[in-house]
Each structure stands twice: as structure tokens, then as C-alpha cells.
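**Q** Pasting a structure here, questions to come.
The values are calculated or read from the model by the stated rules, or taken from the named source; none is laboratory data. Not measured: the values here are computed from a predicted model. Don't worry about glycine lacking a Cβ; one is built from the backbone with ideal geometry, like all the others, and counts go over all protein chains shown. Note: areas computed on protein heavy atoms with side chains; ligands, DNA, RNA excluded. Shrake-Rupley method; radii C 1.70, N 1.55, O 1.52, S 1.80 Å.
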Amino acid sequence: QSTWGKLREMLLLFVLVGQVSASPLVCACLLSYNRLDLLRRTITAFTRHMANDEPNIPFELVWIDNGSDDREQLHAIADEFNISKHHFFEKNTGIAFALNRMFFDMCEAPYVLSLEEDWEWTPPKHANGNEKFRNALELAVEVLKTDEKVLSVILREEHAHWFSKTKRSPKLFLPNGVEYRHHCLNLEAGHVWGVYTNGASVMDRKKLASVGRMFGVYTKNSLGEEIDPFSTETVVGFPQQYSEGNYAFRAGLQYCSAVIQLVPVCDSDIHIDAICNAVFIHIGAGRSHKSDSKKSLKAEQHDESWLSYGTPYYEHHHVSTHTSSTPTPPRTESKKRKRLQELSPEHSEL
């Protein structure tokens, strides 16, 4: 690396330290398990973007590691990026426990950005230096401040099917003229996704708190029960494979997500806007964190009604399998869709 390159990196680090130490507006949440090479890429790209393009936004980095093997590298990364708020667990506590801990207990900023370990800030080629892409976080925060209906602003790529099945609003406008759209829960489509995601999105912490904590934890008490010691909302035995979907459903009953139109071509049926307008790409295939395998689930846990747990729909539509002596096979996608369609108002007495 040239002398100028080294000086530039030092200057960026100096700017970064200033951003991190100020009263934070955004809390960037990092969750890792062994894929520390991807984590480093994620942090490097994000902090470089903040120093280069959005130095006016003070932020904090919050990090939970779920039992990675290389303990030495964990401390090296924390020192390199000035991450003072971190917990390095000896065992994998699962996604729900870790996200709850960061969103509700560790973050101070009013807005959170969930990056897990493998969402890299990489604006697409069609961005071509677009000013809106460079200021995507600022615009996301502005939407959340302005629009009480919006819980999250989606900045991730992938999952076009999520947004083809949501209820999409007409064009909406910020006071500065920036366009965006709502994506709201569409029970008639038999689909829970579109309002909340563990992946790259900016969310309002107060609105998250109104939804409540995520169900599904792996910390055990003296009786061997799975508990969240930081919450009174613990559900013993909740299967983690339904944690994210359940939270998306609960969030969707109260709020919508938003996607900002960053370039004009990204607002048509051909270009699903959440894909075309993404500024983060998924650099890790699959997920490294602990989740229940279907083989290990008890009979009562093989049930998509867990998706509606914690809502009025659960008791109304839940078909109990607790007395079954044999495991219930996982539902096919078509059966799952039918079950969720039954939750729609036109099929419900609620």
C-alpha cells in the first residue's frame, strides 16, 4: 500500500472514531458466528461508507458473537474498529436472544441497522454515483421520522417474492421530494414477509419496542427452561425456525415497511423496487447461527401457527398437536399459504 493510501486509511479511521464517539443516531448491529472474514468485510464496507459519504451521521457499533472458535480474532476486530459495546458468548445463543439483546438492551441510538455478519454496503452499478445512494441512511431515517406507519426501511437485496406479495402503496413523498412506497402485510396472499427482516434494514427502536421482543431463546435457567433473562416475554419452547417469521407477522399487524426510490428505473413491476434500490448485498450463503432442525422439533413445534403466536389470531386459528404421539410432518408451502390466508380478515371472526 502506498504512503498516500496509508495516510488516507488513517484519516478515515480518525473520522470514524469521531462518528462513533458522538451521540449516536444509528445503531449498527452485528451478529456473528465463526464467519469472521465476512464480518470484517461487512464492518469495513459500512464504516468506509460512513466516513466517506455520510460523515454527518453519528453512529454506534454493537456486536454479539455467538461462540466463534477464534477468540483472539474477536478481540482484534473489536480493537481495530473501536467496538466497545460487544458480548462474546462462549456458546451459540441463537438469533432471537442476540437480536433482542442488541435492539433493546445494548443500542442507545433511536434507529437500528441490522447487518448480521454478512451484509456488505455495495451500491449496484446502476447507482453510478447517485447522490441518493450515497445518502441512503439519512433518507431512511427521514422516512422513519416522517411516517408513523413505517417500522423499517428495507435496504437489502434479494427476495423479490416478498415484495411482489405485499400490499404496495401508491407513490409517497418526503418533504424534500424523495419518493418511497409502503409495503404492508398481505394476509390474502398467505405471506408473512415484507415488513420486518433480520437482514439489512433501518428500523425505529420505539416502534420495535411496541411490537415487543422476538420469541425463541436458548439461554436456560436452573430448571433447564429456555429463558431470556432480560425480558418478561419469554416463551418456553418456542421453535427458533419461526422466530423471524413470527416477528414479521406481529410487526406487519401494526406497521408497514418502506422502500425508497433511489433511481427512476427501480419503480416498475419489472424491477421489484426492494431489489433494484438495494445498497447492501448478501455476501454469505445461508445463515451460520443456531436454529432448530426440523428433526429435533417436538410434535407441537411442527406447526405454522407459531407464526401467529402472540397475536389474537393464534388462539383463534391454532390447531393443537400437543396430544399427538407422533411428529407432525412440516407443512408444504401450499398448506402454509392456505393457513395464513385463513388469518385474513375475511376468513376471521376476530
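Quick grid of which residues meet (1) open to solvent by 10 Å² or more (accessible area, probe 1.4 Å); (2) not polar (S, T, N, Q):
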residue	(1), (2)
GLN73	yes, no
PHE103	no, yes
GLU108	yes, yes
GLU116	yes, yes
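**Q** Within the stretch 128-152, take every residue that is modelled with pLDDT of 95 or more and open to solvent by 10 Å² or more (accessible area, probe 1.4 Å) and give me the one that is farthest from SER257 (Cα to Cα).
**A** GLU138
**Q** Quick check: anything in the stretch 51-59 touching a strand residue (DSSP E or B) at 6+ places or on another chain (Cβ under 7 Å) and modelled with pLDDT of 95 or more? Outline the logic, then answer.
**A** Filtering the stretch 51-59 for residues touching a strand residue (DSSP E or B) at 6+ places or on another chain (Cβ under 7 Å) gives 57, 59.
Narrowing the set further to residues that are modelled with pLDDT of 95 or more leaves 57, 59.
Yes.
**Q** Further question on the same structure: Mind listing just one residue for me: the one in the stretch 178-218 that is open to solvent by less than 10 Å² (accessible area, probe 1.4 Å) and among the polar types (S, T, N, Q) and, of those, farthest from TYR255 (Cα to Cα)?
**A** For the stretch 178-218, the residue satisfying everything is ASN198.
**Q** Which one of these is in a helix (DSSP H, G or I) and more than 26 Å from ALA28 (Cα to Cα): GLU138, GLU142, GLU188?
**A** GLU188
**Q** Kindly list, by first and then second residue, each pair from a residue in the stretch 62-86 that is touching a residue at least 12 places away in the same chain (Cβ under 8 Å) to a residue that is open to solvent by 70 Å² or more (accessible area, probe 1.4 Å), limited to pairs with Cβ atoms under 6 Å and residues at least 6 apart or on different chains.
**A** GLY67/GLU90; GLY67/LYS91
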